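Since every read-out is calculated from the coordinates, none of them should be taken as a lab result. Here the structure is a predicted model, which is why all the values come from computation and not from measurement. Reconstructed Cβ throughout: ideal geometry from the backbone, glycine too, with neighbour counts over all protein chains shown.
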Amino acid sequence: MTDRLDGTVALVTGASSGIGEAAVHELTERGAAVAAVARRGDRLEKLAAEIESKGGRVLAIETDISDRGQATAAVERTVAELGRLDTLVNNAGVMLLGPIAEAPLEEWERIVAANVMGLLYCTHAALSHLLAAAGSEPRRVADLVNISSVAGRKANAGSGVYNLTKFGVGAFSESLRMELAKRHVRVSLVEPGFVATELGDHIREELREWSRQRYAGIERLESEDIADAIAYIVTRPRRVAATEITVRPSEQEF
């Protein structure tokens, strides 16, 4: 068994910070060329320069994956410039928590657009390329990794629409896993608990203290902890599918 990804290409969404950025570092360190996709182009360029200075290869693609045309174009550009697509990490998303009754409808639309439609757009555009990679060297297997949440396992008050999207990601992933199992495109789900990322900054300012209190006293995970889980999934031998990994802080009870 090898943990190297030489000769393969990955695409990571939400790559300008947090889990996505950590995943780009992890995958390039293992030899993959990576398309880093996110809305903040300046951050992507900085990330690409940092990794390329160490000998890695990163293609920075400024994209809003909630726009179907942009998501499709990002996948096609990846294949055109890097030659193939072996791994898709659907990481981009937003977490707009708060009571359902007081929430602006626009927030619900933003959550669904990023967490569901963006994931679907990227998956739809990538599938034919993943199937092609699964039938060819160097690894003869491809991976689609969807980043969900423990919110996709248990609903909580104040997380209703976020729960809806993450439960949906889990259901979609399991159905697609069954469809593609014999074709060696492994579909996996990573469900992080409380991670120290910018997701909390998306919440309305008047609700941020409420959100902080939910996790008071818990030592949060680092983005690298989740990137490590992603790397574990995509470096398994062809015969092994790690289809679901939940990673919580050791002190998180829910």
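Details
- A crude spin-label estimate for the pair residue 110 and residue 73, with each label 7 Å from Cα along the Cβ direction, gives 2.3 nm.
- For region 58-200, size of Cβ-based charge dipole, Lys and Arg +1, Asp and Glu -1, in debye: 700
- The GNM of the chain, with springs linking C-alpha atoms under 10 angstrom apart, assigns the highest mean-square fluctuation among 42, 64, 86 to 42.
- GNM result for the chain, Cα springs below 10 Å: residue of 93, 14, 217 fluctuating most strongly: 217
- Grouping the Cα pair distances of region 84-132 into 5 Å bins from zero gives a pair-distance distribution of 4, 20, 23, 16, 13, 9, 7, 5, 2, 0 percent in increasing distance order.
- Mean separation of Cα contacts under 8 Å (6+ apart) over length of the chain, as relative contact order %: 20
- Cα centroid separation, region 213-254 to region 123-185: 16 Å.
- Spatially proximal aspartates and glutamates relative to residue 166 (Cα-Cα < 16 Å; intrachain offsets below 8 disregarded): 107, 109, 174, 191, 244
- Rounded to the nearest 10 degrees, the angle from helix 119-134 to the longest Cα principal axis of the chain is 20 degrees.
- Ranked by how many other Cβ atoms sit within 10 Å of their own Cβ, fewest first, the residues 117, 178 fall in the order 178, 117.
- Equivalent-ellipsoid semi-axes for region 29-134 (Cα gyration tensor, √(5λ), whole Å, largest first): 28, 17, 11.
- Relative contact order of region 1-76, pairs being alpha-carbon contacts under 8 Å that are 6 or more residues apart, as %: 27
- Residue-wise HN-Hα coupling along region 153-166, computed from phi with Karplus coefficients 6.51, -1.76, 1.60 (Hz; x: Gly, Pro): 10, 8, 7, 9, 4, x, 10, x, 6, 4, 4, 4, 5, 6
- Counting every other Cβ atom within 10 Å of each residue's Cβ, 77, 139, 177 order from fewest to most as 77, 177, 139.
- Degrees separating the helix 18-29 axis from the principal Cα axis of the chain, which is the longest one: 20
- The phi torsions of region 138-147, fed into the Karplus equation with coefficients 6.51, -1.76 and 1.60 and a -60° offset, translate into couplings of x, 10, 6, 7, 10, 9, 10, 10, 9, 8 Hz, rounded to whole numbers, with Gly and Pro shown as x.
- Interatomic Cα distance distribution for region 9-247, bins of 10 angstrom, percent: 8, 34, 38, 17, 4, 0
- Helix 41-52 and the longest principal axis of the C-alpha atoms of the chain enclose an angle of approximately 50°.
- For the options 27, 120, 180, a Gaussian network treatment of the chain with springs between C-alpha atoms closer than 10 Å singles out 180 as fluctuating the most.
- Computed from the Cα positions only, the extents of region 21-73 along the three principal axes stand at 32, 19, 16 Å, in decreasing order.
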